[in-house]
Structures are given as C-alpha cells and as structure tokens.
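The values are calculated or read from the model by the stated rules, or taken from the named source; none is laboratory data. Computed from a predicted model, the values in this text were never measured in an experiment. Positions of Cβ are backbone-derived with ideal geometry, glycine not excepted, and every protein chain shown enters the neighbour counts. Heavy atoms of the whole protein, side chains included, go into the accessibility calculation; ligands, DNA and RNA do not. Shrake-Rupley method; radii C 1.70, N 1.55, O 1.52, S 1.80 Å.
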Amino acid sequence: ALCNSRAQALITDEEQARQWLDQYNSLAEHYYSLAEEANWAYETNINPQNQQAQVQASLNRDKFKKEAYDNSTQFDVNSFTNETVKRLFNKMKNIGNAGLSDQTKLNRLTRLLADMKQVYSTGKVPDGDRELVFEPDLTNELANSRDYDRLQFIWKGWRDAVGPTLRDMYKEYVTLKNEAIGELGYNDVGDYWRSWYETPTFEDDLEALWQEVRPMYLELHAYVRRRLGEFYGKDKIDENDPIPAHLLGNMWSQQWNNIYDLVEPFSGKQRIDVTSAMVNKGWDALRMFNESEQFFTSLGLIPMTPDFWRDSMIVRPEGREVVCYASAWDFYNRRDFRIKMCTEVTQDDLQTVHHEMGHIEYFLQYKDQPVPFRDGANPGFHEAVGDCLALSVSTPKHLKEIGLIDGVLQEDDEADINYLMKQALEKIAFLPFAYMMDQWRWKVFDGRITPDNMNQEWWKLRQQYQGIVPPVKRDENDFDPGCKFHIPADVPYIRYFVSFIVQFQFYEAMCDASGHTGPLYKCDFYRSPEAGQLLGDMLKLGSSRPWPEAMEAITGRRAMSAAPLVRYFEPLTTWLRQNNTDSGTKTGWTRFEPWTSSAPKMTGSAMATALICVLCCLFSRLMI
Ligand SMILES: CC(=O)N[C@@H](CC(=O)O)C(=O)NC[C@H](CC1(C(=O)N[C@@H](Cc2ccc(O)cc2)C(=O)O)CCCC1)C(=O)O
Ligand SMILES: [Zn+2]
C-alpha cells in the first residue's frame, strides 16, 4: 500500500518559530507554576489529598511538556540561523519522565515518586517508648553522640526504617524511568543526566579531577582513622582497615565536620565551631536567614522578594507531616521564590541557609530568561553559588565580624591548620562520596548493577572510594542507597561533586576581583561589589550558553580545575603528610568483603599482606 503518512514539510520560517517559542514560554510558566504550587502544598503538608493533587498537577505539566516536544519537531531547527532559537528548540526534549507515552505507566511512575518521598520523609526509628524522626533527632544524635553502640543503633535504625520498604519501589522506578528516557532517544537515565553537561569527555574529566584530589583525601582519611582509633580504641578501628561508617558524624559519612572535636590538630585554640555562640546569642532561624541575605546584598546581589519572606517555610511546623529536607523553589512567575527548611540553630544549618539562598539568588538573576534557560549553566553551578559565598562567611575573620567569635582573633599557623581541618572535613571528605553516588546509579540505570546485587555493589563502591565499611552486616534485604534522600527523591548527585570543585574556582576569582591578597583560605570578600558583579553577571546567563562560556566569564578559563581547591588546602595537606609520616600512619586500607563479616576482620589476603608488611618492617629494622 502507498505510504499514507506524507511527511509534513518542516517549517523553516524562523519568525514563526520565535512566535511558537513565545507561546511556549507563557504556557510553560502557567503549567510549571501550578505544578510547583501543588508540590509545595504536598511537601509542606503531607496527606493523601495533597499527594493526589500533586500527582495530578505533575501529570498536567508532563502532558504539556510532551505535547510541546512533539509539536517542536515540526520545525526544521537546523535551518535556523539564530543560536539562541536553536538552543531553545534543542532543550525541548529535556522532558524527563514526561517522555513516557503510556499514560498508565506515567501515572504509576509519578505516584511511585510521591510514595518514595513520603516513605523517606515520614520514616521513624522506634527507641523505647519514643519515635525518633530524622530531623532533628537522628541528625543531632549522629553528630553529637560519642557512644559507639548508640551510634550503631541510630545508623542501623534509619536503614531498617526506610531501606526494605523502598527497595522494590526503587526497582520499579528504575524500569519505568529508563523506559521514559529511552523514548527520548537516550540509552538510559544516566546517559540523559550526563547530557546536561554537554561535555563528551565528562566522565574522563571527572575521573581526572578525582585522581587530582584523591591523595589529599587519603591523607585526611588516614589521619582521621588514627584519631578515631585513639578515641574509640584500636580494637574498634584498626589502622589498616576501612573506617566503620557510623563514627563520622553524618548518617551517610559524607561530611565529617561534626567530629571536628575528636580530630582537632591543636587543642586550646579559639573555638571555630560557632553553634554554641549562635545559641548563646539567641540566634533563631529568621536571624540566620537575615544574616545570609545581608551577605548577598553586601556584594550588590539581588535581595529576597516579599513573596520569599511571606511564604517560605523556615522551621518545622507543628501538627503536620512535612518534607523537612531543605530545598529552594522557583515558582516560574518571576516573583515567587521560596526556601523550605526545618532550620535548627547550628553552624551546619547556617551553611545550608547560604546554600539554599544561593539557589534563590540564581533564580532571581535569570528570572527574565526564557523558561528553558532558567537553569544553572550546568547543575553543578547551581549547587556552587551558595557554598562559594559560605567559604567567605565561614572564615574566622567573618565570623568575628558578625559577632560569632569574641575577643582577639587568633591567626597563628596552628589556628589556621585547625580552621583548614574543619573545612577539609566538610569539603575533602565529601568528594569520594559525591563521586560514588552517581557511579552507583549510572550502573543501576545501564544494567551493570542488577536488581539483585544493588546493596552489595553500593558497599563495594563505598569502600573503594571512601574507605568505609558498614558497622553491622548488610544483605540484599537492605537497601542502603535508599536511605540517602536524593536516591528515592530522583535527584541526581554528580552536580555536588562538580560543585565542590568549581565553587573554589568561583571563590578564587571573586577573591581576586575583591583585591584580596595572601592565602586563599583567609579571603572574605564581604561587601565587595566587584566580586558580586563578577558572580551576578555569570548567573544572569542561566543555561543560555554552554557552561564553559559561563566558567570563562567568571574565571577567565573554560575548564573545571581542582587547582584552586588544592591551593586553598595546601598548608593543611603539607601538615597532614608530615603528621602522618611522623606518627607512622599509613594511608589506604585493605579490602574487605563486607558481605562475609559484620565488624571488619582480616581476610586471607589481608592477613598475608599484613604478614608481609610486618616481615619487611622487621627486615628493614634489622638492616638499619
Ligand atoms: C525544588 C528543589 O528541589 N530544588 C533543589 C535546588 C535546585 O535544583 O534548584 C533543592 O533545593 N535541592 C535540595 C538540596 C538540599 C541539600 C542537599 O541535598 N545537599 C547535598 C549535598 C551538599 C551537602 C552540603 C553542602 O554544603 C552542599 C551540598 C546533601 O546534603 O547530600 C541539603 C543541605 C544542602 C543542600 C539542595 O539544595 O541541593
Ligand atoms: Zn543545592
């Protein structure tokens, strides 16, 4: 039979294309606003009717996105001359789950996402006659308890509370999401997520960055392991083993700043943990938010809007379930931007307030871009804004200036090493965690990790990159990846690895612009309009240009580089190497199969390695 679908002639009229884009833009604002409002209503008041409304609004937005994508294919984009018009059309296929044309499956996937978020957000750990909630109970205990067994109870309790429930939901999510993304022409979800970086060598670039910073991590890991062994006893933490995951002050061992007091290099110096100062001076959540906004505006950046102050949720409300996990929201109407956060008066949360406000500042700076360009130059840029400013705020000099450190500032070498140690526990410790998170997910999405060994492969990567092991036995009934918000919440994570590299590039560029001289880690660009101008001009671009152009706008170079990060920590790296050498502390760890044992014990190969080590030590001593 004759082919009856005569190919429609593609539209080559660029003016008509522009009109289509204008219409798309106002419709996109409409559907995105409705979806974000419904999402907000659900996350700030979790109940069945709000979940149903959220699911429905999300489906409406997906229907709009899918129709717009299908519609956009009638245009002969390659025939257009204007770069911006072409870039806008190329972003039309960035529609994620909406790629799923089977409506029943799309409903199921949307419902699954809402259910997984609910399981995570309402998870509780029974503790005698009490029920511990994640924020603030579990967070605070893991940060502050120094009792090995209590920490193990909290660590295991959270994983028991949400892991097994999420495991099968996650498997179904992977299948459905892969199908949705497959319909858009990508191999799998990981392929789609990496495409946002528009960098063919992205994975190689990431590996090169990791290899550049890994030596620093190994020195920090070895030092922390030795200091923890001194505190908890060598029987609990052998100097050749990976570190038990529950002793690092954080539910996922992703940042270790909460155990600073156990590893402080020089005691008796000025307190740089300002949590107690914040409490003693009567700071509350609102004060923390005002301090943060004041820092942004001191750089000439855009202040928060009236809607922000009226509608943000900055403390956990009484009498209803909410998603406490901190987040920043763009309502796509160019005036309504909010933060949702169960703020506690801690230094950790002061850092998070700056992080979230960094997202809001980016939203404000690009709010007049077309909707498809209202994104970070790449997702890592979005994560880096707030943290970059927080590098300046966290300097002892600045903390003194805002009244959180009293008396004369101690600025001798030892005090500086203490400060850099605290920063390293937050920034260097994080890198292997952030790097392995999506390595695991990319393998789950492309099938290298199969549904029946997800947990085992998770712990292999955790050991390989972070040098940590679970404190209790794990098996495939557990689903430890599900205990990290971003995994059930369908939020990619490599953005944070990128951020923790590029935030130092932004920081160094802003420090130079502010006229800072001397060690990088001492730079506080508070009140510098030059620094603010440099950042603001880059943020205005949104994702309208490939990110190397945005990088060049702020740093003068187009590539990601770990050099500023290495420069920032240089004094500490030198001190750590010396301290580890002087104390005979070796870096690295022997491999364990966490599957065969609960507490790490020597396996055959590890035993042999240890024996050889002992022999050659003896032999070398004899030789001397
Ligand atoms: C509507 C919506 O969802 N919006 C997105 C933003 C956007 O895409 O526009 C959003 O708000 N995502 C939430 C997420 C929250 C936090 C997070 O998850 N952080 C990572 C890693 C990390 C840790 C320390 C740090 O200093 C910086 C990052 C973790 O805690 O593991 C929790 C505390 C900090 C940031 C975020 O803000 O990135
Ligand atoms: Zn963020």
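For region 543-599, a residue qualifies if it is touching a Lys or Arg at 6+ places or on another chain (Cβ under 7 Å), open to solvent by 30 Å² or more (accessible area, probe 1.4 Å) and at pLDDT below 95, and exactly one does: SER598.
To keep it simple, each residue is scored yes or no on (1) part of a helix (DSSP H, G or I); (2) in contact (Cβ under 8 Å) with a residue 24 or more places away in the chain; (3) at negative phi.
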residue	(1), (2), (3)
TRP252	no, yes, yes
ASN258	yes, yes, yes
ARG271	no, yes, yes
ALA277	yes, yes, yes
SER292	yes, yes, yes
THR297	yes, no, yes
LEU301	no, yes, yes
MET304	no, yes, yes
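Does ARG462 qualify as being open to solvent by less than 10 Å² (accessible area, probe 1.4 Å) and out of contact with any Lys or Arg (no Cβ under 8 Å at 6 or more places or on another chain)? Yes; evaluated as a whole, the condition is true for this residue.
Rundown of residues vs (1) in a helix (DSSP H, G or I); (2) over 17 Å from PRO379 (Cβ atoms); (3) more than 16 Å from ligand 2 (Cβ to nearest atom), yes/no style:
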| site | (1), (2), (3) |
| --- | --- |
| PRO481 | yes, yes, yes |
| PHE485 | no, no, no |
| PRO488 | no, yes, yes |
| VAL491 | no, no, no |
| PHE497 | yes, no, no |
| PHE504 | yes, yes, yes |
| TYR507 | yes, yes, yes |
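Among the residues making up region 314-332, those that are open to solvent by less than 30 Å² (accessible area, probe 1.4 Å) and under 21 Å from the mean Cα position of the chain (by Cα) are VAL322, VAL323, CYS324, ALA326, SER327, ALA328, TRP329, ASP330. Criterion first (open to solvent by 50 Å² or more (accessible area, probe 1.4 Å) and of a type in the set (D, E, K, R)) does GLU264 satisfy it? Taking the combined requirement at face value, the residue does not satisfy it. Show the residue pairs that are 6+ apart or on different chains and have beta-carbon atoms under 6 Å apart, the first residue being within region 55-80 and over 27 Å from THR104 (Cβ atoms), the second being in a helix (DSSP H, G or I). Cβ pairs passing all conditions: PHE75/ALA17; VAL77/LYS86; VAL77/PHE89; PHE80/GLU14; PHE80/LYS86.
Of the listed requirements (1) open to solvent by 20 Å² or more (accessible area, probe 1.4 Å); (2) touching a residue at least 24 places away in the same chain (Cβ under 8 Å); (3) within 24 Å of GLN533 (Cα to Cα); (4) in a loop (DSSP other than H, G, I, E, B), ALA377 misses just one: (1).
For every residue, the table says whether it meets (1) modelled with pLDDT of 95 or more; (2) within 12 Å of ligand 1 (Cβ to nearest atom).
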{"site": "TRP252", "(1), (2)": "yes, yes"}
{"site": "ARG271", "(1), (2)": "no, no"}
{"site": "ASN280", "(1), (2)": "yes, no"}
{"site": "PHE296", "(1), (2)": "yes, no"}
{"site": "GLY300", "(1), (2)": "yes, no"}
{"site": "TRP309", "(1), (2)": "yes, no"}
{"site": "ARG334", "(1), (2)": "yes, no"}
{"site": "ILE339", "(1), (2)": "yes, yes"}
{"site": "THR352", "(1), (2)": "yes, yes"}
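Checking each residue in region 182-225 for being among the polar types (S, T, N, Q), open to solvent by 60 Å² or more (accessible area, probe 1.4 Å) and not in a helix (DSSP H, G or I) picks out ASN187, THR201.
Given the criteria in contact with a strand residue (DSSP E or B) (Cβ under 9 Å, 6 or more places away or on another chain), of a type in the set (Ser, Thr, Tyr) and under 30 Å from ILE339 (Cβ atoms), does SER195 qualify? Taking the combined requirement at face value, the residue does not satisfy it.
When region 147-181 is filtered for residues that are in contact with a Leu (Cβ under 9 Å, 6 or more places away or on another chain) and open to solvent by 60 Å² or more (accessible area, probe 1.4 Å), the ones remaining, listed by number, are GLU172, GLU179. Being more than 16 Å from ligand 1 (Cβ to nearest atom) and either at pLDDT below 95 or of a type outside the set (D, E, K, R) (or both) is true of GLY403. Taking each residue of region 435-450 that is in contact (Cβ under 8 Å) with a residue 24 or more places away in the chain and looking for partners that are of a type in the set (Gly, Ala, Ser) and open to solvent by less than 10 Å² (accessible area, probe 1.4 Å) with beta-carbon atoms closer than 7 Å, six or more apart or interchain, yields ARG441/GLY190; TRP442/GLY190; PHE445/GLY190; ASP446/GLY190. Filtered by the rule that a residue be assigned to a loop (DSSP other than H, G, I, E, B) and either touching a Phe, Trp or Tyr at 6+ places or on another chain (Cβ under 9 Å) or within 13 Å of ligand 2 (Cβ to nearest atom) (or both), region 463-477 gives GLY467, PRO470, PRO471, VAL472, LYS473, ARG474, ASP475. Of the residues making up region 577-591, those that are over 28 Å from the mean Cα position of the chain (by Cα), under 26 Å from ARG462 (Cα atoms) and in a loop (DSSP other than H, G, I, E, B) number 4.
Looking only at residues of region 395-405 that are touching a residue at least 40 places away in the same chain (Cβ under 8 Å) and open to solvent by 20 Å² or more (accessible area, probe 1.4 Å), we find that the one that is nearest to ligand 2 (Cβ to nearest atom) is ILE402. Scanning region 517-542 for residues that are open to solvent by less than 60 Å² (accessible area, probe 1.4 Å), under 19 Å from LEU301 (Cα atoms) and not aliphatic (A, V, I, L, M) returns CYS523, ASP524, PHE525, TYR526, SER528, GLY532, GLY536, GLY542. Looking across region 499-514, the residues that are over 9 Å from PRO564 (Cβ atoms) and away from ligand 1 (no atom under 16 Å from the Cβ) come down to MET510, CYS511, ASP512, ALA513, SER514. Among the residues of region 425-435, is any open to solvent by 20 Å² or more (accessible area, probe 1.4 Å) and either away from ligand 2 (no atom under 16 Å from the Cβ) or touching a Phe, Trp or Tyr at 6+ places or on another chain (Cβ under 6 Å) (or both)? So far as region 425-435 goes, no, none of its residues is open to solvent by 20 Å² or more (accessible area, probe 1.4 Å) and either away from ligand 2 (no atom under 16 Å from the Cβ) or touching a Phe, Trp or Tyr at 6+ places or on another chain (Cβ under 6 Å) (or both).
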